[in-house]
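Just below is one structure, and these are the notes that go with it.
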Amino acid sequence: MPKYTREEVIKGVKEGRSFENDDLRGINLKGADLTGGKFKGANFRYTDLREAILRNADLRGANLRHVVLAGADLTNADLSNADLTHADLRGAVLVGTKLSGAKIDGAKGISNKVFFPEKTIERLAETGALELEGEILKVSGKDGIKKYEVERAYRFVGVEGGNDSLKLIGKVKTKSEILKMNAEIYQDNILISDVVYKAELGFLGTPVGEGEKEAKEEKAQPLPEDIKLLSDLILKGK
């Protein structure tokens, strides 16, 4: 039996309680708002943190081995010296996230590219952290302003019909990559070879400068309607 219930952890974080070096194993915290949580050295092993909001959380030295953090918002979180061995961070928002000294052997989804789900874009816009300058998304954080070239993207979260024979669940694909698979996109449903996938909508950001390393013929230009959609999401959040 877990030491705490889901409700006790969420309430504790909201009240400013410290869970430093605490035992938080095996708790279902999927989608929980743990913004600013004090979890230094805490043991989260095998805890479900999918889509959890961990913005500005202190996770220094935390045990996150085998933890599923897919789709979690770790904006400006501090994971310095954390153990992320075999953790799943596919689709997680890692803007301004500190990972110095972290153990990442076997971890999935750690990349300089950042997937911004639509709900995260609105949430960041509410704080005034986002600005769109042409086709460049500027994100303000503790370490200054980061700039990203953006492209419409989708995170595969489930299958509505058929089997995931293509092993796409948990992965993020850009719109251009999906269309090259002869797929059809219907809002948050993607049809590929008679299999209907459920997807989370968002944008994939590539740090400005890194995109220049890719061959120009392979680099897809964002569509005007996609940039307009991103602009509308930011305005909606303000």
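Bear in mind these aren't lab numbers, they're just calculated from the coordinates by the rules spelled out. Keep in mind that this is a model prediction, so the values were computed, not measured. Every residue, glycine as well, gets a Cβ built from its backbone with ideal geometry; the counts of neighbours run over all protein chains shown.
Where the centre of each part is set by its Cα atoms, how far does the range 167-211 sit from the range 62-132, in angstrom?
Cα centroid to Cα centroid, the span is 19 Å.
Assuming 1.567 mPa s and 4 °C, estimate D for the range 142-185 with Stokes-Einstein, Rh taken as the Kirkwood radius over Cα pairs, in µm²/s.
103 µm²/s
Top mean-square fluctuation among 200, 126, 135, Gaussian network model of the chain, C-alpha springs under 10 Å?
Looking only at 200, 126, 135, the biggest GNM fluctuation is shown by 126.
Ordered by residue, what ³J(HN,Hα) values in Hz, to whole numbers, does the range 76-81 give under the Karplus form 6.51 cos²θ - 1.76 cosθ + 1.60, where θ = phi - 60° and Gly and Pro are x?
6, 6, 10, 10, 4, 6
Against the empirical 2.2 N^0.38 Å scaling, what ratio does the C-alpha Rg of the range 112-238 come to?
That ratio works out to 1.09.
Amide H neighbours of residue 159 under 5 Å, counting only residues 5+ apart in sequence or on other chains, H built in-plane at 1.01 Å?
When sequence neighbours closer than 5 places are left aside, the close amide H contacts are 198.
Please report, to two decimal places, log10 I(q)/I(0) for the chain at q = 0.16 Å⁻¹ as given by the Debye formula with identical point scatterers on the Cα atoms and no solvent.
For the chain, the Cα-only Debye profile gives -1.18.
Can you tell me the alpha carbon radius of gyration of the range 8-68 divided by the globular rule-of-thumb value 2.2 N^0.38 Å?
0.95
I need the phi-derived Karplus couplings for the range 197-208: 6.51 cos²θ - 1.76 cosθ + 1.60, θ = phi - 60°, integer Hz, Gly and Pro marked x.
The phi angles translate into 9, 9, 10, 9, 8, x, 9, 9, x, 10, x, 4 Hz.
Please list, ordered by chain and number, the residues whose modelled amide H lies under 5 Å from the amide H of residue 141; skip anything fewer than 5 residues away on the same chain.
Those lying under 5 Å, H to H, from residue 141 are 146.
Distance cut-off 22 Å, Cα to Cα: go down the list 119/238; 147/238; 173/236; 103/173; 138/180 and report the pairs above it.
Among 119/238; 147/238; 173/236; 103/173; 138/180, the Cα-Cα distance tops 22 Å for 173/236; 103/173; 138/180.
Expected output is a single nm value to one decimal: the length gained when fully extending between residue 235 and residue 21, i.e. 0.36 nm times separation in residues minus the C-alpha distance. What is it?
Gain on extension, residue 235 to residue 21, equals 73.0 nm.
Say the cut-off is 26 Å between C-alpha atoms; which of 40/175; 30/113; 30/171 go over it?
Where the Cα-Cα span goes over 26 Å, the pairs concerned are 40/175.
Scanning the chain for helices, which whole DSSP H stretches are 15 Å or more long along the axis (Cα) and average 0.0 or more by Kyte-Doolittle?
Helices passing the filter in the chain: 224-237.
Let me check the size of the range 20-107 from its C-alpha atoms; what are the radius of gyration and Dmax in Å?
Cα only, the range 20-107: 10.8, 27 Å (Rg, Dmax).
Rank 68, 93, 26 by how far each Cα sits towards the positive end of the charge dipole of the chain (+1 on Lys, Arg Cβ; -1 on Asp, Glu Cβ) and give me just the farthest.
26
So for the range 1-110, averaging the separation of alpha carbon pairs under 8 Å that are six or more residues apart and normalising by length, what relative contact order in percent results?
19 percent
Taking only the alpha-carbon atoms of the range 70-139, what semi-axes of the equivalent ellipsoid follow from 5 times the gyration tensor eigenvalues under a square root, in whole Å, largest first? Working shown, then result.
Numbers: eigenvalues 117, 28, 22 Å².
Over the Cα atoms of the range 70-139, the ellipsoid semi-axes are 24, 12, 10 Å.
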